[in-house]
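Worksheet: the structure to be examined is printed underneath.
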Amino acid sequence: MHTVLRSASKEITIGHDVPFVIIGERINPTGRKLFQERLRNDDLSTIEIDVADQVAAGSDMLDVNMGVPLTDEPALLAKAIKKIQTLTDLPLCIDSSIVEALDAGLAAYEGKALINSMTGEDDRMDAILPLVKKYDAAILALPNDETGIPMTAPERMIIVEKIVRRVEAEGIPLENLLIDPLAMTVGADTEAVKNTLETMYLVREKYGLNMSIGASNVSFGLPNRHALNAAFLPMAMSMGLTSAIMDGRTPEVITAVRAADLLLGLDPWGGNWISAFRAQQQA
């Protein structure tokens, strides 16, 4: 099953038989006070830096979040998307918890975007799935609902089933549905990553759906996070993870992903691996 996303001039395919898709997470003001202040002052210069850094590091897509308190988020998100599309041709993942902001961002976007994200509550699906249809977008869905975040894979799969059936009932092709199997920090629960990996395996085996995840969540609160993330992602890829929202500027993690592409048969004859090595040597 292939999920195809586009900018005005570039197409990206997410699937189990193609290279892993890295969605750069950096264009997000959460925890970045200076970035937030600049955005409140209508200064988008930090976005230019974030785009350039992530493109140079090898991101395949970019996540865009403009959740800044005391701003008009729909207007700000639309403006940021227009700005980013003058800087890069990478497809975008439009990230907001506010439905009006998603609508504004999708309206401003030239191409087919990934919406980040939707949960399994009926009211959230009622609000967001019409936008998926209206803009022919793809949706990233999390298997949690009004009862909270399920801790075990079988519990998460109950909500995945609910989401799948609702998406089908809306007439949305399942290739436009990605599941987030919920990455939790292993620092708080030693079984967290095992449960996430099991969820990935079950989603792939039962539905064949593509998946994406906030990869850095697994290492939150722990030292040497890059090493943990670099170990986690190849394991996740072997269980069926096909993309991740992650720091696309971290060579250690990027290299681990591209090595897993080769070892899992997603980089035939090592073409991408060898080309990247040669480019690094030249640099």
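For the chain, modelled as a GNM whose springs connect Cα atoms under 10 angstrom apart, the maximal fluctuation among ASN217, ASN65, ASN272 occurs at ASN272. Magnitude of the charge dipole for segment 3-282, about its Cα centre and with charges confined to Cβ atoms of Lys, Arg (+1) and Asp, Glu (-1), is about 560 debye. Scattering from segment 218-283 was approximated by placing one identical point on each alpha carbon and applying the Debye formula without solvent; log10 I(q)/I(0) at 0.12, 0.17, 0.19, 0.24 1/Å stands at -0.33, -0.64, -0.77, -1.09.
Report the full-extension gain for the segment ALA188 to ARG40: residue separation times 0.36 nm, less the Cα-Cα distance, to one decimal in nm. If you can, show how the numbers build up before the last one.
Details: separation 148, 0.36 × 148 = 53.28 nm, distance 3.47 nm.
Length gained, ALA188 through ARG40: 49.8 nm.
What whole-number distance in Å separates the alpha-carbon centres of segment 1-35 and segment 222-283? Using only Cα atoms, the two centres lie 15 Å from each other.
Tell me the mean residue ellipticity at 222 nm calculated for the chain from its helices only (DSSP H runs of n ≥ 4, each -39500 (n - 2.57), averaged over every residue, nearest 500). Intermediate results must be reported in sequence, preceding the final value.
Details: 10 runs with 132 residues, N = 283.
Mean residue ellipticity at 222 nm (helix-derived): -15000 deg cm²/dmol.
Listed by number, the DSSP H helices of the chain that run 15 Å or longer by alpha-carbon position along their axis and have mean Kyte hydropathy of at least 0.5 are 45-57, 225-239, 251-263. When the Cα positions of ASN217, ALA260, PRO154 are compared along the charge dipole of the chain, ALA260 comes out farthest toward the positive end, with charges on each C-beta of Lys, Arg, Asp and Glu.
Rounded to the nearest 5, what % of the DSSP beta bridges within the chain are antiparallel ones? In the chain, DSSP labels about 20 percent of beta bridges as antiparallel. Using the beta-carbon distance between THR13 and GLU161 and R0 = 25 Å, what value does 1/(1 + (r/R0)^6) give for FRET efficiency, to the nearest 0.05? Efficiency, from the Cβ-Cβ distance: 0.45. Debye-formula intensities of segment 57-96, expressed as log10 I(q)/I(0) at q = 0.16, 0.28 Å⁻¹, are -0.40, -0.98 (one equal scatterer per alpha-carbon, no solvent). Between GLU205 and LEU263, the modelled label-to-label distance comes to 2.2 nm, taking each label 7 Å out from Cα in the direction of the beta carbon. For segment 143-283, a crude dipole built from +1 on the beta carbon of Lys and Arg and -1 on the beta carbon of Asp and Glu, taken about the Cα centre, is about 360 debye to the nearest 20.
Where a number appears in this text, it was derived from the coordinates with a stated rule and is not lab data. None of these values were measured; they are calculated from a predicted model. Note: ideal-geometry Cβ built from the backbone for every residue, glycine included; neighbour counts use all protein chains shown.
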